[in-house]
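The values are calculated or read from the model by the stated rules, or taken from the named source; none is laboratory data. In this text, all values refer to a predicted model and were calculated from it rather than measured experimentally. Methodologically, a virtual Cβ is constructed for each residue, glycine included, from the backbone with ideal geometry; neighbour enumeration extends over all protein chains shown.
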Amino acid sequence: MTIDTGKPDESYARQCVYDLAEALPADFDELDFSNLAEMEIVIPLPSFGSTNSYIDICADLLDAAWIAERVAIHAKAIRVIEGDRSYSAILHAPRRSIVRAIKEASLLVCEDLEDDDTNCLQIQDIRADVSDFEDRLTTHRFCVSEIIDHYWANMQSAYHELRYEAPDLYREHMEQFPERRLGFHRSAESQKLHAAVFASRDSWLVSRAIDLNSFFRSSGQDYRLEDFVCGEVAAVGPQPLAIAAELVIEFPNAAYFRSRVCSGIALRDEEGLPELDLFAGEGPSPSPYGRTPGQEYPPFGELCFVHKTGTMIIVGTADWWHLLYDAQPLPEAAVRNLMEKSADLTEKLTASVGLSGDLACPWDDLDDDAFETLCYDLIFSNPKFDRESIKKMGKSRARDGGRDIEVREAPGRPGVAARKWIFQCKLVKGGASLGRGRVLDVGDLLDQYGVQGFGIMTSAIIDSGLYDKIESVCAKRQVQEFHFSKLELERTLARNRAIRRRYFPEL
């Protein structure tokens, strides 16, 4: 336990921290919280990082959700911060009545208290209450919805165990909640926003009754509707594409199809349809901006909206928003291949690979430090990443261990851990390309810093040999890639004119 007493002449605590993995202090019942500004309760997740069983992980998350809800009703407000093996519940203006809730939470998770015979009966009663709480998970309105969503997301993986260990329970769940066969669960955001929201590991399905900006704020995401542009879904070869402005993105067709099927199931359940119509009510929809855009619907009949960074696609239908994650602009070489296959899309694809003269930037005007700062600003402005975690590792050419920029992904999808990324910034002048010799020991770098994402940001064209080298190293370690060559940087700057003017004021 940590207590900050504020000024020396103050007689009450302004902030305190209780780690529930440790026993509470002996005088806990006597502490006065009447003037406490803020309290932090650390809720341990002992199975995280120590087990391969998703059932155990779900048990920890269920306990954490019960504790968060139990203490939240005794404070003015609560917010939760996710750690590697714990949650931190930050309670604003807690009331005196929180004492009992914290003591019960401590009995539930503190292993040191389990061997005490005097606590056994009380722990049994608490466990029974947690079990009742689990039965209410699909109907209760929660104060802390993100823990519940993490529970359901991990339960999707636990079903692989339950299918063999508890087949009757597995069958009951699949019959009662058919959307779970598709990897979706009804999100706790539904109760908060008073309309249907479904979540999966790669997408959200949001009722059209919900304002999307309200959804983004409620779920803690940094996306905003005004940063999306209208696009088209087009089939060029075997893989559909989303095309918007200078962006060409591989459309996540499998994720979208699962979302469409889930929307049909949801409509059947909510409207009492006698038969399952997977695409009921799924015709073209008006614009989310409240007006119909002055363009025809794309080939597949849906409106497509693409974030200006290319990291999310929204498809709007009559009743639903389909929010598709893990989108990424195609590299220049792939776009060129597509240009050869589709003469009808040549004009749009030409703009997307940066062949228009007005996209070019005078890179030779920058020095190494300015280029690294430009790259920092682009990552900072991208909602895919958590701007509070971004770090620029010293001056250019400093001993940074190969890390120019380090950042974590922003939260937003339940059950998906925020990946840690490292970016290397390479300013190349004189029109030369970036080859294998300029990027050394990528494998050692990834192993040393334990990252899950790696990218190169360069003012040059990246040689195919360097692409192949990085792809091989990252694939072996299951590390994601997100690279910005000269063409990707110039397209990104064309969409973010404020940053472009900051470094190239003459453009």
Looking at (1) part of a loop (DSSP other than H, G, I, E, B); (2) of a type in the set (Val, Ile, Thr); (3) surrounded by 21 or more Cβ atoms within 10 Å (Cβ to Cβ), which is the only condition Ile422 fails? (1)
Counting only residues that are in contact with a Lys or Arg (Cβ under 7 Å, 6 or more places away or on another chain) and either assigned to a helix (DSSP H, G or I) or not assigned by TED's automatic domain parsing to the domain that holds Cys474 (or both), the stretch 443-454 contains a total of 2
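Pick from the stretch 199-238 the residues that are part of a strand (DSSP E or B) and touching a helix residue (DSSP H, G or I) at 6+ places or on another chain (Cβ under 7 Å): which of them is nearest to Val261 (Cα to Cα)?
So in the stretch 199-238, the residues part of a strand (DSSP E or B) come out as 199, 203-207, 228-236.
Next, only the ones that are touching a helix residue (DSSP H, G or I) at 6+ places or on another chain (Cβ under 7 Å) stay: 199, 203, 205-206, 234, 236.
On the way: Ala199: 13, Ser203: 13, Leu205: 11, Val206: 14, Ala234: 21, Val236: 24 Å.
Once the filter is applied, the top-ranked residue is Leu205.
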Suppose we filter the stretch 469-483 for residues that are assigned to a helix (DSSP H, G or I), among the charged types (D, E, K, R), touching a helix residue (DSSP H, G or I) at 6+ places or on another chain (Cβ under 9 Å) and within 15 Å of Ile456 (Cβ to Cβ); how many remain? 1
So Glu189 clears everything in (1) within 19 Å of Phe305 (Cβ to Cβ); (2) touching a strand residue (DSSP E or B) at 6+ places or on another chain (Cβ under 8 Å); (3) crowded, with 17+ Cβ neighbours inside 10 Å except one condition, right? Which one? (1)
Search result, residues across the stretch 239-261 that are within 22 Å of the chain's Cα centre (by Cα), among the small types (Gly, Ala, Ser) and closer than 15 Å to Leu303 by Cβ: Ala242, Ser259
Among the residues of the stretch 90-111, is there at least one that is buried (at least 16 other Cβ atoms within 10 Å of the Cβ), among the hydroxyl-bearing types (Ser, Thr, Tyr) and out of contact with any helix residue (DSSP H, G or I) (no Cβ under 8 Å at 6 or more places or on another chain)? no
Pairs please, first residue from the stretch 38-49 and without any contact (Cβ under 8 Å) to a residue 60 or more places away in the chain, second anywhere and basic (Lys, Arg), Cβ atoms under 6 Å, 6+ apart in sequence or on different chains. Leu45/Arg85; Phe48/Arg85; Gly49/Arg85
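Check the stretch 56-68 and report whether any residue there is modelled with pLDDT of 90 or more, of a type in the set (A, V, I, L, M, F, W, C) and assigned to a loop (DSSP other than H, G, I, E, B).
Of all residues in the stretch 56-68, those modelled with pLDDT of 90 or more come to 56-68.
Now restrict to residues that are of a type in the set (A, V, I, L, M, F, W, C): 57-59, 61-62, 64-68.
Filter once more, so that each one left must be assigned to a loop (DSSP other than H, G, I, E, B): none.
Checked against the condition, which is being modelled with pLDDT of 90 or more, of a type in the set (A, V, I, L, M, F, W, C) and assigned to a loop (DSSP other than H, G, I, E, B), the stretch 56-68 yields no hits at all.
Which of the following residues is more than 24 Å from Ala417 (Cα to Cα), surrounded by fewer than 18 Cβ atoms within 10 Å (Cβ to Cβ) and not charged (D, E, K, R): Leu507, Leu493? Even if it seems obvious, please write down each step before you answer.
Details: Leu493 fails: surrounded by fewer than 18 Cβ atoms within 10 Å (Cβ to Cβ).
Among Leu507, Leu493, only Leu507 is more than 24 Å from Ala417 (Cα to Cα), surrounded by fewer than 18 Cβ atoms within 10 Å (Cβ to Cβ) and not charged (D, E, K, R).
Taking the options Arg96, Arg100, name whichever one is more than 13 Å from Pro44 (Cα to Cα) and in a loop (DSSP other than H, G, I, E, B). I'd like the intermediate steps shown before the answer.
Working: Arg100 fails: in a loop (DSSP other than H, G, I, E, B).
After applying the criteria, what remains is Arg96.
If you check Ser157 against the conditions, is it under 26 Å from Ala327 (Cα atoms) and either surrounded by fewer than 18 Cβ atoms within 10 Å (Cβ to Cβ) or outside the structural domain of Leu20 (by TED's automatic domain parsing) (or both)? Before the answer, list the steps.
Working: under 26 Å from Ala327 (Cα atoms): yes; either surrounded by fewer than 18 Cβ atoms within 10 Å (Cβ to Cβ) or outside the structural domain of Leu20 (by TED's automatic domain parsing) (or both): yes.
The answer is yes for Ser157.
Confirm whether Arg95 is over 19 Å from the mean Cα position of the chain (by Cα) and either closer than 19 Å to Phe28 by Cα or in contact (Cβ under 8 Å) with a residue 12 or more places away in the chain (or both).
Details: over 19 Å from the mean Cα position of the chain (by Cα): yes; either closer than 19 Å to Phe28 by Cα or in contact (Cβ under 8 Å) with a residue 12 or more places away in the chain (or both): yes.
Here the answer is yes, as Arg95 does meet what is asked.
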